[in-house]
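The values are calculated or read from the model by the stated rules, or taken from the named source; none is laboratory data. What you see is a predicted model; the values in this text were computed from it and never measured. Heads up: the accessible areas ignore ligands, DNA and RNA and are worked out on the full protein's heavy atoms, side chains in. Shrake-Rupley method; radii C 1.70, N 1.55, O 1.52, S 1.80 Å.
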Amino acid sequence: MKSLTYTPRVLTGIASGGAHVPTVHLGSTLAASYLQAYFTVAVFMAAAVGMVGAMLGVGRLLRPTRPQEQKYISYESGVDPLGGWGQAHVRYYLYALLFVMFDVEAVFIFPWAIRLESLGTYGLIEMIVFIVILALGLLYAWRKGVLRWA
């Protein structure tokens, strides 16, 4: 079986002094070329992890350590924390859901507005149906009193 070899082209360029500088290349198998690329990525990943570890280690050595009882309790907006699970009102969840719904609507409407001419009448009708469904959802939330803060 014949092995495939990858031989990049020799490129010549003009350096700042006007002299031709040929680049040196070595013929290698295709698999070795791929492994070299992965090795480079692995070296950079190891360097990144090492730098983060070194920074955290230096920070641990330099920071002052003053243990206090009050440092280790949860902070909940100035209110003393309750034991166990705290209860949040469902209204906050509904606000977040409505925000995500209309945020997704904006994500769909902007590209549609750019491509409106190429989509034609069918695209216009589809977007009208989409907006009507969202408007019905907003009307339902309004009628249920979800949008009242207090």
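Can you give the extra length, in nm with one decimal, that the chain gains between Val100 and Ser33 once fully stretched, where that is 0.36 nm per residue apart less the Cα-Cα distance?
Length gained between Val100 and Ser33: 19.6 nm.
Of Tyr34, Tyr72, Tyr95, which has the most accessible area and how do the rest follow, probe 1.4 Å?
If we order Tyr34, Tyr72, Tyr95 from most to least accessible, we get Tyr72, Tyr34, Tyr95.
Between Ala46 and Ile128, what is 0.36 nm times their sequence separation minus the Cα-Cα distance? Round to one decimal in nm.
24.3 nm
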